[in-house]
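Read the structure below first, then the notes.
The values are calculated or read from the model by the stated rules, or taken from the named source; none is laboratory data. Note that this is a predicted model, so its numbers are computed, not measured. Note that each Cβ is placed from the backbone with ideal geometry, even for glycine, and that neighbours are counted across all protein chains shown. Ligands, DNA and RNA are stripped out before the accessible areas are found, and what is left, the full protein with its side chains, is counted by its heavy atoms. Shrake-Rupley method; radii C 1.70, N 1.55, O 1.52, S 1.80 Å.
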Amino acid sequence: MLERIGEMHGREVISVLDGSRIGYLGDIEFDTQQAALTAIVVYGRPRFFGLFGRENDCVIPWSAVKTIGEDAVPVSYTHLRAHETRSNL
């Protein structure tokens with residue numbers, strides 16, 4: 001199946017390890033030397049309606065992407081946000 005990058009933008013990214021919603025696919029990293037996809041990028045959440053910027057972006061290696069579904073992108077990856085630690089997960 002052929003699909004354009006623009007059509008994948010906005011799909012929900014979900015961890016298959018713990019079922020958490022990581023966010024929405026915002027961008028893709030591409031290595032121009034190797035002509036290969038290297039990662040997907042989930043943009044950080046806006047802080048206070050975007051007035052104080054946003055959280056750090058989540059860059060997920062392409063090797064963690066299980067498949068590109070019609071509605072979601074399942075990944076083998078766990079993302080910790082700035083306010084979370086392993087102890088309160």
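Once ligands and nucleic acids are excluded and a 1.4 Å probe is used, how much of residue 70 is accessible, expressed in Å² to the nearest 10?
150 Å²
So how far apart, in nm, are the two label points at residue 45 and residue 71 if each is 7 Å from Cα heading toward Cβ?
It works out to 2.2 nm between the two label points.
Tally up the carbon and sulfur contribution to the accessible surface of the chain as a whole percent, 1.4 Å probe, everything protein left in place.
Values: 3310 of 6380 Å².
In the chain, the share of accessible area belonging to carbon and sulfur is 52 percent.
About its Cα centre, what dipole magnitude does the chain give when the only charges are +1 on Lys and Arg Cβ and -1 on Asp and Glu Cβ, stated in debye to the nearest 20?
Dipole size: approximately 340 debye.
Multiply the residue separation of residue 3 and residue 20 by 0.36 nm, subtract the distance between their alpha-carbon atoms, and state the gained length in nm to one decimal.
3.6 nm
Among [x] 12.7; [y] 16.4; [z] 14.0, only one was calculated for this model; which label is it, if the read-out is Kirkwood radius over Cα pairs in Å?
Correct label is [z].
What length, rounded to one decimal in nm, is gained on full extension from residue 12 through to residue 59, with 0.36 nm per residue of separation minus their alpha-carbon distance?
15.5 nm is the gain from fully extending residue 12 to residue 59.
Collect residues whose amide H, placed 1.01 Å from N in the peptide plane, falls under 5 Å from the amide H of residue 28; neighbours closer than 5 in sequence don't count.
Those lying under 5 Å, H to H, from residue 28 are 41.
Putting +1 on Lys and Arg Cβ atoms and -1 on Asp and Glu Cβ atoms, find which of 60, 37, 22 reaches farthest to the positive end of the dipole of the chain.
22
Over the stretch 16-63, give the accessible area per residue in Å² for a 1.4 Å probe, as an integer. If you can, show how the numbers build up before the last one.
Working: 3460 Å² over 48 residues.
On a per-residue basis, 72 Å².
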